[in-house]
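Scroll down for the structure; my scribbles are underneath it.
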Amino acid sequence: MENKQIRVAIVGTGNCAKSLVEGIQYYIENPSDTVGLMYPDIGGYGVGDIKFVCGFDIDKRKVGKPLGEALRALPNCAMDHVATITDACIEDGAIVYSGPVLDGVAPWMLEFPEDVSFRITDAEAITFDELVNILKEKKVDVMINYCPVGSEDASKFYIDGAIKAGCHVINCIPTLISTKDAVE
């Protein structure tokens with residue numbers, strides 16, 4: 001069986017997203033090191049089959065930037081798992097789009113110093129229809145939701161967009177998101 005690439009979009013290019021991408025790159029570059037990799041093969045797919053094709057964020061230091069650069073931008077502070085983020089698992093030309101803030105930034109977060117907190121971009125946020133079109137144009141198979149905890153409205157925006165675009169969703173925030181009201 002020849003494996004198809006799993007094309008992934010990341011919502012929220014923070015520390016968790018950075019660690020995921022760098023971890024996948026590490027295992028691609030070090031195939032004999034499987035320590036920490038629970039299953040090197042799932043249904044015929046391995047880490048080398050994952051390709052990150054775009055990101056969505058609200059921070060001015062990340063929006064409009066190449067995905068690999070955005071993952072290393074402040075306020076991210078997770079340890080580096082690779083020396084530099086390469087195109088090993090990021091598609092050439094993958095950028096971070098400006099998403100709507102909605103409830104994705106708690107007001108008190110803006111009171112923290114710039115190097116440890118979000119700074120909202122001035123760039124115009126994508127609309128729901130633009131989100132759906134981007135996911136379709138990028139042929140996204142799976143969208144990963146790394147919105148901050150409590151971002152229920154933002155999560156619903158992205159999850160509804162993914163459903164409308166025909167994408168699978170991995171919700172990584174500890175909030176139950178109902179599919180009862182999902183876009184048909």
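The values are calculated or read from the model by the stated rules, or taken from the named source; none is laboratory data. None of the values given here were measured: they were computed from a predicted structure. Cβ sites come from the backbone with ideal geometry, for glycine too, and all protein chains shown count toward neighbours. We work out accessible area using only protein heavy atoms, side chains counted, and drop any ligands, DNA or RNA first. Shrake-Rupley method; radii C 1.70, N 1.55, O 1.52, S 1.80 Å.
Annotations for the structure displayed:
- Total residues in the range 137-147, condition open to solvent by 70 Å² or more (accessible area, probe 1.4 Å) and either out of contact with any Lys or Arg (no Cβ under 6 Å at 6 or more places or on another chain) or farther than 21 Å from GLN5 by Cβ (or both): 1
- For the range 19-36, the set of residues classified as part of a loop (DSSP other than H, G, I, E, B) and either small (Gly, Ala, Ser) or crowded, with 16+ Cβ neighbours inside 10 Å (or both) consists of SER32, GLY36, listed by residue number.
The rows are residues; the columns are (1) touching a Lys or Arg at 6+ places or on another chain (Cβ under 6 Å); (2) assigned to a strand (DSSP E or B); (3) open to solvent by less than 60 Å² (accessible area, probe 1.4 Å).
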| position | (1), (2), (3) |
| --- | --- |
| VAL63 | no, no, yes |
| ALA78 | yes, no, yes |
| ALA83 | no, no, no |
| GLY104 | no, no, yes |
| LEU135 | no, no, yes |
| VAL149 | no, no, no |
| ASP153 | no, no, no |
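Results for (1) over 19 Å from TYR146 (Cβ atoms); (2) crowded, with 18+ Cβ neighbours inside 10 Å; (3) modelled with pLDDT under 95, shown as yes or no for each residue.
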residue	(1), (2), (3)
GLY14	no, yes, no
ALA17	no, yes, no
GLY55	no, yes, no
LYS60	no, no, no
PRO66	no, no, no
LEU74	no, no, no
GLY93	yes, no, no
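- Among (1) within 26 Å of GLY161 (Cβ to Cβ); (2) open to solvent by 20 Å² or more (accessible area, probe 1.4 Å); (3) touching a residue at least 40 places away in the same chain (Cβ under 8 Å); (4) assigned to a loop (DSSP other than H, G, I, E, B), the one test that LYS51 misses: (4)
- For the range 24-41, the count of residues that are touching a strand residue (DSSP E or B) at 6+ places or on another chain (Cβ under 8 Å), over 19 Å from TYR146 (Cβ atoms), at pLDDT 95 or above and not polar (S, T, N, Q) is zero.
- Residue within the range 113-129 that is surrounded by 12 or more Cβ atoms within 10 Å (Cβ to Cβ), in contact with a Gly (Cβ under 9 Å, 6 or more places away or on another chain), in a strand (DSSP E or B) and β-branched (Val, Ile, Thr) present: no
- Residue that is nearest to LEU131 (Cα to Cα) [pool: residues in the range 8-39 that are charged (D, E, K, R) and free of Cβ contacts under 8 Å to residues at least 60 places away in the same chain]: GLU29
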